[in-house]
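Note sheet for the following structure.
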Amino acid sequence: QVKLVESGGGLVQAGDSLRLSCTASGGTFSTSIMAWFRQAPGKEREFAAGIGWSVSSTFYPDSVKGRFTISRDNAKNTVYLQMNSLKPEDTALYYCAASKVGGLSGQARDYTYWGQGTQVTVSS
C-alpha cells in the first residue's frame, strides 16, 4: 500500500513562491508516475503538474506553465512542486498522486494513490 504525505502549503501573497513536497512510502517510488492536482472550493479537481519515471519527462497545463516546476528525488522518495509568481487563483488544496501503470497523464482517474492534501492560499 502506497502512502503519500504532502507538506509545504501555507498562506502567501501574490507574487510569492512556495515549494510543496510529497513523500511516498510503501511502494517502489522510482517506477511511479507522480503528479500534483489541485482543487479549489466549489470546483473540480484539476491537474497541476506531472512527472514520469525520467525526470526529463514533465507535463503542465497552460494555467501554470512557466510558473510551476515539478521534480523528483528518487533517493528520498519525494516529489516537489516549486510554485513561483503565485496568483490568487492558485488558491486550492493541493494533492499528490501516484500511478504504477500507464504513462504520464493529466486525468485524475488514472492515478491510484492520493495524499490528504496541503492547503495553499494566495492573498491579493
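Using a simple spin-label model with points 7 Å from Cα along the Cα→Cβ vector, what separation in nm is obtained for S71 and A40?
Here the answer is 2.8 nm between the modelled labels.
Volume per residue, Å³, of the convex hull around the alpha-carbon atoms of the chain?
Given the Cα convex hull of the chain, per-residue volume reads 92 Å³.
Dipole size in debye (nearest 20) for the chain around its Cα centre, Lys and Arg Cβ +1, Asp and Glu Cβ -1?
200 debye
Springs between alpha-carbon pairs under 10 angstrom, Gaussian network model over the chain: which of V12, V79, V101 fluctuates most?
V101
Skip the ligands, DNA and RNA, and give the accessible area per residue of the chain with a 1.4 Å probe, whole Å².
Roughly 51 Å² per residue, with all protein chains present.
What's the carbon and sulfur percent of the chain's accessible surface, probe 1.4 angstrom, rounded to a whole number?
48 percent
Just flag the GluC sites (Glu not before Pro) in the range 1-91 sitting in loop per DSSP whose Cβ has no more than 13 other Cβ atoms within 10 Å. Numbers along the way, then the final one.
Working: sites: E6, E44, E46, E89; in loops: E44.
Passing sites in the range 1-91 are E44.
The values are calculated or read from the model by the stated rules, or taken from the named source; none is laboratory data. Since we're looking at a predicted model, the values are computed, not measured. A quick note on method: Cβ atoms are made from the backbone with ideal geometry, for glycine too, and the neighbour counts reach across all protein chains shown. Ligands, DNA and RNA are excluded from the accessible area calculation, which covers all protein heavy atoms including side chains. Shrake-Rupley method; radii C 1.70, N 1.55, O 1.52, S 1.80 Å.
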